[in-house]
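A short write-up of the structure that comes next.
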Amino acid sequence: MRFLTCVPRVLVLALLSFQVMSASANELTIGLAAPITSLDPHYHNLTPNISIAKQVFEPLFLTDSFQNLKPGLAESWRNIDPLTYEIKLRKGVKWHDGSPFVADDVLASFKRIPDVPNSPASFALYVRQITEATAPDAHTLILKTATPYTGLIRDLNSAQIVPKAIAETAKTEDFNSGKAMIGTGPYKFVEYKPGDRVVFARNDDYWGGKGDWTTVQMRMIANNAARVAALLAGDVQMIENVPTPDVKRLSGNKDLAIAQAVSNRIIYLHMDSNRTKNSPFVRTADGKPMEDANPLTDVRVRRAISKAMNRDVIVERIMETVAVPAGQLMAEQFFGTSKNLPVEKYDPEGAKKLLAEAGYPNGFQLTLHSPNNRYINDEKIAQAVVQFLTRIGIVTKLETMPSNIFFSRGSKLEFSFMLAGWASESGDPSSPLRSLLGTYDAATGNGATNRGRFSSPELDALTAAAMIEIDEAKRGAKLAIASEKAMELMGIVPLHYEVSVWGTKANLTYAARADQYTLAHEVKIKK
C-alpha cells in the first residue's frame, strides 16, 4: 500500500532535497503566534492546525482572502436535484508520492473525518450531512443529503483530503511522526519539531503552479516580543498576529510592510449552561460548593455577565484599537449577519439588577479558565473579564494555561466558565451557530465545540431552516434571525472580533485573510 511503502522514500528524498537547497535557495521563514496540537488534518478543528495542514493538504474547494469559494481539488459542481450534488474532480493532480489523485481518496477521507479518536474539536460537522457518497468514475463524485442543504459545498472547504491508503490505516501519531504527511498541496512535508517548527519543501509539480519559495520554515514563536524581534532582526521574513502595541510602530518602519483585515474570529465567553447543579467551578457568595443550583443556566445571569463587559475598554486599551467590539457571532460585513444587534452597552448597575432578579443579589463565585498563548492578548483580556465580573458581585478567579491543555480539558467539560475564540470557516454565522451553540450530538456533529453544552431546540430549528434554504437572500435572512435568537438566549457572550495583522519584510506582499490562515504559497516577492 502507498502508506506503507512509499512514504519513507518520499521523506528521504525531501530531506536530501532540503539539505542540498538550504544554503542557496529562496527560503521563507515565518513566525507563527501559537503552537499546533497535531499535524493530523482531521484531528483538531483549530486555526493553527488547519493553517499548517493547508500547506500540505487540500479540500475540494478553496477560498480567497475574503472567503469567496474557488475551485480546488474539485473543478466544478452542480445540483442534479435538491438532494444530489455532482462534483467534478480536477484531473492530472498527483499526490506527493507521485500517485494520481482520484475519487476514492475523497470517499475514504470523508469516512475517516468523523471517526478520528479523541478529537478535541471534530471536523465531523462538515461531512455529516452526506448520507451517501459514490464515485461513478475516477473524477466524479455523487453526494446525497437527506434534505436540501445549501451549505454542503462551503462545508467541504473544511474537509482536507488524504490518500485512500492513509485514510484507511493512519492514526494521528502517524501524521505527527511525518509518516502519513502526503498531500496534493503546494508544499511537501520535511520535518516537525513539536513546539518549535515545521519545515516544508516546495512541490514543484503542484497543479496550482510553483510558489516563490523552495523551502519554508514555520517557527512557533508564541512570545510576542520574541516574534517581533525575530522579524526586526531578519531571523524571520514574516510574522502573524503582530502584537497590538507594535502595529503602529512597525507600520512606520520603511523596511517592513503590514497587512491587516477584520477576521472571521469572535472572542467570546462560554458558560456551563447545562449542568443544573454542581458545576465544578461555581461557588456560593461565601465560597461553598453550589450543590443545588447553577446560576449560569439562567439567561438573566448570562445577560448580566454580558452587561458587565466593557467592550470599549477591551478594544481601546487591551487591543489598542486593533479589534472591533462584538454584538453577535460575526462582524456585520459577513453574509447572514443581523443589522438589528447592537453591541451590548456596558451597564454594571443593570447587571446587578439582573443578578438580583435571578436570585443572586449577593452574587456568587466563579473561576474563569483561559488559554494564555492562543488568541491575541488572551490572558490580558481574561484578566479584564475577571475585574468586570468582580465589580458586579460575581467574585471571579482566573486560571490560564497553554492552549493544548486548555482545549483538552475544555472538551472534557472540566470548566464552568471559559474564554475562547471561534473562526467561521464557512464565512457566515452557520458555523458558530452549529458548532458553538448547536445542541451537542455526536451523530450529526452539531455542537462539536459546544463546551458549555448550551441547548435550545428553537435555535436548532432556526439554524436548520437556514441550512436547507436554497434561495441565497432568504438563507441570509434566516441566518440573521437565528443569530438574533442566539443573542437573545445568550448561549455565549460575545466580546470582540479580532483584526488579523501580518508583518513582512518590505519586499514581500501578503493579502490579509479573513480566515486568519498564514499560507506560504500566497506570500509573494514584489516584482
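The values are calculated or read from the model by the stated rules, or taken from the named source; none is laboratory data. Computed from a prediction, not measured in an experiment: that's the story for all the values here. Reconstructed Cβ throughout: ideal geometry from the backbone, glycine too, with neighbour counts over all protein chains shown. These area figures cover heavy atoms from the full protein model, side chains too; ligands, DNA and RNA do not enter into them. Shrake-Rupley method; radii C 1.70, N 1.55, O 1.52, S 1.80 Å.
Some notes on this structure:
- Residue match in the range 65-83 (condition: open to solvent by less than 30 Å² (accessible area, probe 1.4 Å) and closer than 25 Å to Gln260 by Cβ): yes
- Checklist (1) assigned to a loop (DSSP other than H, G, I, E, B); (2) of a type in the set (A, V, I, L, M); (3) modelled with pLDDT of 95 or more applied to Leu355, failing item: (1)
- For first residues located in the range 390-408 and closer than 30 Å to Asp347 by Cβ and free of Cβ contacts under 8 Å to residues at least 12 places away in the same chain, partners that are surrounded by 17 or more Cβ atoms within 10 Å (Cβ to Cβ) and of a type outside the set (Gly, Ala, Ser) and lie 6+ apart or on another chain with Cβ distances below 7 Å form the pairs Thr390/Thr396.
- Residue list for the range 121-145, filter: charged (D, E, K, R), closer than 19 Å to Phe61 by Cβ and touching a Lys or Arg at 6+ places or on another chain (Cβ under 7 Å): none
- Residue check, Lys88 modelled with pLDDT of 95 or more and touching a strand residue (DSSP E or B) at 6+ places or on another chain (Cβ under 8 Å): yes
- Of the strands (runs of 3 or more DSSP E) entirely within the range 27-73, those holding at least 1 residues that are in contact with a strand residue (DSSP E or B) (Cβ under 6 Å, 6 or more places away or on another chain) and under 20 Å from Leu231 (Cβ atoms) occupy 27-32.
- Unmet criterion (only one of (1) in contact (Cβ under 8 Å) with a residue 60 or more places away in the chain; (2) open to solvent by less than 20 Å² (accessible area, probe 1.4 Å); (3) assigned to a strand (DSSP E or B)) for Ser370: (1)
- Filtering the range 261-305 to residues that are open to solvent by 10 Å² or more (accessible area, probe 1.4 Å), more than 30 Å from Asp64 (Cα to Cα) and in contact with a Phe, Trp or Tyr (Cβ under 8 Å, 6 or more places away or on another chain) leaves Ser273, Asn274, Pro280, Phe281, Arg283, Thr284, Ala285, Met290.
- The range 498-527 - residue that is open to solvent by 10 Å² or more (accessible area, probe 1.4 Å) and among the hydroxyl-bearing types (Ser, Thr, Tyr) and, of those, farthest from the chain's Cα centre (by Cα): Thr509
- Restricting attention to the range 105-134, the residues that are of a type outside the set (Phe, Trp, Tyr), assigned to a helix (DSSP H, G or I) and within 21 Å of the chain's Cα centre (by Cα) total 7.
- Condition check for Val228: touching a helix residue (DSSP H, G or I) at 6+ places or on another chain (Cβ under 9 Å), within 30 Å of Trp77 (Cα to Cα) and among the aliphatic types (A, V, I, L, M): no
- Total residues in the range 409-431, condition without any contact (Cβ under 8 Å) to a residue 12 or more places away in the chain and under 24 Å from Val313 (Cβ atoms): 0
- For the range 423-458, a tally of residues being modelled with pLDDT of 95 or more, over 21 Å from Ile267 (Cα atoms) and of a type in the set (A, V, I, L, M, F, W, C) returns 0.
- Among the residues listed as Asn278, Asn274, the single one being more than 18 Å from Thr439 (Cα to Cα) and in a loop (DSSP other than H, G, I, E, B): Asn278
- Against the test of being surrounded by fewer than 18 Cβ atoms within 10 Å (Cβ to Cβ) and under 25 Å from the mean Cα position of the chain (by Cα), the options Glu349, Glu332, Glu344 yield a single qualifying residue, Glu332.
- Qualifying residues in the range 286-316 (those that are among the hydrophobic types (A, V, I, L, M, F, W, C) and over 25 Å from Arg453 (Cα atoms)) - the one farthest from the chain's Cα centre (by Cα): Val313
- In the range 118-140, the residue that is nearest to Phe407 (Cα to Cα) out of those that are out of contact with any Phe, Trp or Tyr (no Cβ under 9 Å at 6 or more places or on another chain) and of a type in the set (Val, Ile, Thr) is Thr131.
- Some residue of the range 249-256 being buried (at least 18 other Cβ atoms within 10 Å of the Cβ) and under 21 Å from Phe388 (Cα atoms): no
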